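Right, one structure below, let's go through it.
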Amino acid sequence: MNGSTKKYLPDLPITFVSRKRTLETEDASSSATRQQPKRLARGDSVITEATSNLRLSSSSSDLDNLPSSASLFKTRDIEELRVSFEPASAENVVIPDVRDFLATNVQKLQKYILPTLDATAIGNPTFDVENFSDITNDKVQTFVTKLHEVVLNGVQVIGTDETFTDTLVDNLLRITKLDCFPLMIRNHPLNKLYIDGEPMVSSNPEFVVRKKVGKKKLAMLVIGDKHLNNVTSANGYGEPQIAVEILACGSENLRSLGGERPTDQKILAMRVISTYVTFYKAVIPAKYWEALEKGLPKDQSLKIQRWPARNELTSGFNLAQPNGRRVVLIALAKIRESLLQEVERE
């Protein structure tokens, strides 16, 4: 048991006999003897209660050892929550296969793909989008300029104030209309993960996409490298933080339901490290939520799917390359269409 939470058994009741008189009468001695079983019984009761309190404090101690903020979570912490990541076997495990997904959806995004514009050109310090006669659309010029700023800063300055990932991601979400009603972006919403009825962990993701239906539901979160704590291989390149951000979003959804029983929840996530994009999908079972209502889950667990499958610093889809842009833009378009179909069903 952690020394900071160690509790001691309370002192058992002890009777001190006054010796004001040298001799005590036989009646007084007999009376003291008759009281002894009651005192021992009280002592047994105190021991039982104290042992019970120690068991409770052990469970409470486990919760108290969790970081108070999602940004502080490490792999060992999500193991306490029985959460793990696994590589998806195929793209459609994470990115929804949308029924009747029209080719026109792709055609509208084609102007952002720019097949001849690669990472070398975009990362050139002298790059100026106005020098490209084939890039005349002002929205495309804005996107490409923001992409150039991120590439120019490079992976070596991940997490510093000089990065431009935030503005690039914001632009990307708006290009794919994830900020068009009934879908809306919320910037830096404060969420709480409730465990055992208490707000145990705070979460502040960069962007959350919510669905405006009956009760507002958080459907997707996006975190850039600037907001990922400790983006290293030792900490899964921020995946422990992503896990808790997902759970906090789901916890907020449950609170919006009031007294209704928990249901299975699907929450998507996107991690952006420099120009590299990775997608995640979590389907959180109702039984997992029920377990969290009682404390840390013992028998329930959660697996979060990752696409692309590998988890490395530059293993995501690279927005600086034409094919990477194409994959990410189409994936976000499919996610949007899937969310709109969910709104219609709800």
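The values are calculated or read from the model by the stated rules, or taken from the named source; none is laboratory data. The model shown is predicted, which means the values in this text are computed figures rather than measured ones. Note: ideal-geometry Cβ built from the backbone for every residue, glycine included; neighbour counts use all protein chains shown.
Which condition number in (1) over 27 Å from HIS148 (Cβ atoms); (2) surrounded by 20 or more Cβ atoms within 10 Å (Cβ to Cβ) is the one that SER233 fails?
Failed condition: (2).
Which number in (1) aromatic (Phe, Trp, Tyr); (2) surrounded by fewer than 17 Cβ atoms within 10 Å (Cβ to Cβ); (3) within 28 Å of ARG306 (Cβ to Cβ); (4) at pLDDT 90 or above marks the one condition that PHE181 misses?
It is condition (3) that PHE181 fails.
If the Cβ limit is 7 Å and pairs must be 6+ apart or interchain, which residue in segment 77-94 that is on the phi > 0 side of the Ramachandran plot pairs with which residue that is hydroxyl-bearing (Ser, Thr, Tyr)?
Matching pairs, first to second residue: ARG82/SER301.
Applying the selection to segment 121-139, what residues are more than 21 Å from GLY224 (Cβ to Cβ) and either in contact with a helix residue (DSSP H, G or I) (Cβ under 7 Å, 6 or more places away or on another chain) or in a helix (DSSP H, G or I) (or both)?
If the condition is that a residue be more than 21 Å from GLY224 (Cβ to Cβ) and either in contact with a helix residue (DSSP H, G or I) (Cβ under 7 Å, 6 or more places away or on another chain) or in a helix (DSSP H, G or I) (or both), then ALA121, PRO125, PHE127, VAL129, GLU130, ASN131, ILE135, ASN137, ASP138 are the ones that fit.
Can you confirm whether LEU172 is within 12 Å of THR275 (Cα to Cα) and at pLDDT 95 or above?
Against the criterion (within 12 Å of THR275 (Cα to Cα) and at pLDDT 95 or above), LEU172 qualifies.
Quick check on my filter: what residues within segment 79-97 are surrounded by fewer than 18 Cβ atoms within 10 Å (Cβ to Cβ) and either touching a helix residue (DSSP H, G or I) at 6+ places or on another chain (Cβ under 6 Å) or part of a helix (DSSP H, G or I) (or both)?
GLU79, GLU80, GLU91, ASN92, VAL93
Of the residues in segment 102-120, how many are out of contact with any helix residue (DSSP H, G or I) (no Cβ under 9 Å at 6 or more places or on another chain) and small (Gly, Ala, Ser)?
Number of matching residues: 1.
Which numbered condition in (1) of a type in the set (Lys, Arg); (2) modelled with pLDDT of 95 or more; (3) surrounded by fewer than 15 Cβ atoms within 10 Å (Cβ to Cβ) is the only one that ARG76 fails?
(2)
Could you go through segment 237-259 and let me know if any residue there is in the same structural domain as LEU302 (by TED's automatic domain parsing), assigned to a loop (DSSP other than H, G, I, E, B) and surrounded by 15 or more Cβ atoms within 10 Å (Cβ to Cβ).
No, that holds for no residue.
In segment 309-332, what count of residues is obtained for those that are in contact (Cβ under 8 Å) with a residue 60 or more places away in the chain and either in a loop (DSSP other than H, G, I, E, B) or not assigned by TED's automatic domain parsing to the domain that holds ALA121 (or both)?
The number of residues fulfilling the criteria is 9.
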